[in-house]
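**Q** My questions will all concern the structure given below.
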Amino acid sequence: MGPSTGFKKINTAVFISGTGSNLKSLINFSKNKKSPINIKLILSNRQSAKGLRYSKIFKIKKKFINFKKKTIAEKKTLSVLKKNHINLICLAGFMKILSKNFLKNFDGKVINIHPSLLPKYKGLDTHKRVIKNNEKFSGCTVHFVNSRLDSGKIILQEKVKVKKNDTPKSLAKRILFKEHELYPRAILKIFNH
Ligand code: GAR
């Protein structure tokens, strides 16, 4: 599918658990004529996720699903996604691992952003571990999702230099800034070439 006039955009759901700054950047990107995606749904496992406010601001449907019981949660999620004809899932700070059983319904259609240069520093507390290990570089990665944590095929990465006096917070902030640009670029890479 190319970015020619009149092409049909891909119905996309963005899954969040927190602030939603990547969600915001994806929404802005989706409004671009050349963007292959149309964000139809924001889904969160936390009712208090700050990012859910973008639902009202941008008039996008939102859905809260309690993930305490994963099998039930995934069934509900699947039904919501089907109802809304969703063909692409973008995880953006979504802190739950989706099961193999769920993912098989969306083969190759789930992508994630992670704040490290994968395959290094999978999982939590990325920035703290990077600084502790005196790494010269960190960064962010957009990748396809499989049922193993932060392990699917890499789509794009961006390097960020670690400064001598960086704290996990200062490093996280600089990387997040890069994430906002990387995620849209990764989507363009998948669908427009
Ligand atoms: C981002 O840094 C994202 O890469 C990270 O959570 C943050 C969410 O920020 N995701 C993970 O660590 C997933 N393993 P945001 O809610 O402002 O987009």
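**Q** With both bridge residues required to lie in the chain, what share of the DSSP beta bridges run antiparallel, to the nearest 5%? All intermediate terms of the calculation are to be shown ahead of the outcome.
**A** Details: 11 of 29 bridges.
Around 40 percent of the beta bridges assigned by DSSP in the chain are antiparallel ones.
**Q** Could I ask something else about it? Label Phe7 and Leu149 with points 7 Å out from Cα along Cα→Cβ: what is the distance between them in nm?
**A** Taking the simple label geometry, Phe7 and Leu149 are separated by 3.6 nm.
**Q** Return the calculated 222 nm mean residue ellipticity for the chain, to the nearest 500 deg cm²/dmol, obtained by summing -39500 (n - 2.57) across DSSP H runs with n ≥ 4 and dividing by the residue count.
**A** Computed mean residue ellipticity for the chain: -10000 deg cm²/dmol.
**Q** Ranking Thr12, Thr167 by Cβ neighbours within 10 Å, fewest first, what do you get? Kindly include the intermediate steps, with their values, before the conclusion.
**A** Working: Thr12 23, Thr167 12.
The most exposed by this proxy come first: Thr167, Thr12.
**Q** When ranked by the protection proxy of mean other Cβ atoms within 10 Å per residue, highest first, what sequence do the peptides 106-117, 57-68 form? Please list the in-between numbers first.
**A** Details: 106-117: 19.2, 57-68: 13.8.
Ranking the peptides 106-117, 57-68 by packing returns 106-117, 57-68.
**Q** For the chain, what is one quarter of the convex hull surface built on the Cα atoms, given in nm²?
**A** Values: hull surface 43.2 nm².
Averaged projected hull area, Cα only: 10.8 nm².
**Q** While we're on this one: Got a sec? Which residues in segment 130-160 would a label at Glu181 touch, if it sits 7 Å along Cα→Cβ and we count backbone N under 12 Å?
**A** The answer is 158-160.
**Q** Where does helix 70-83 land angle-wise versus the long Cα axis of the chain, in degrees 0 to 90, nearest 10?
**A** Orientation of helix 70-83: about 50 degrees from the principal axis.
**Q** Might you report the magnitude of the Cβ-based charge dipole of the chain about its Cα centre, with Lys and Arg at +1 and Asp and Glu at -1, to the nearest 20 debye? Don't jump to the answer; show the numbers that get you there.
**A** Working: 44 positive and 9 negative charges, 103 e Å.
In debye, rounded to 20, the chain gives about 500.
**Q** Rounded to the nearest 10 degrees, what's the angle between the helix 21-30 long axis and the longest principal axis of the chain, both from Cα atoms, 0 to 90?
**A** 50 degrees
**Q** Which residues does a label at Lys70 reach in segment 141-180, if reach means a backbone N under 17 Å from a point 7 Å past the Cα toward the Cβ?
**A** Once the point is set 7 Å along Cα→Cβ of Lys70, 145-152 turn out to lie under 17 Å by backbone N, inside segment 141-180.
**Q** For a 20 Å ceiling on Cα separation, which of these pairs sit above it: Lys68/Lys100; Lys169/Lys189; Lys8/Lys31; Lys120/Lys189; Lys128/Lys161; Lys122/Lys169? All intermediate terms of the calculation are to be shown ahead of the outcome.
**A** Numbers: Lys68/Lys100 17 Å; Lys169/Lys189 30 Å; Lys8/Lys31 13 Å; Lys120/Lys189 22 Å; Lys128/Lys161 15 Å; Lys122/Lys169 18 Å.
Over 20 Å Cα-Cα: Lys169/Lys189; Lys120/Lys189.
The numbers here are math on the coordinates, done by the rules we state, and not lab data. Quick caveat: nothing in here was measured; it's all calculated off a predicted structure. Using ideal geometry, Cβ is built from the backbone for each residue, glycine included, and neighbour counts are taken over all protein chains shown.
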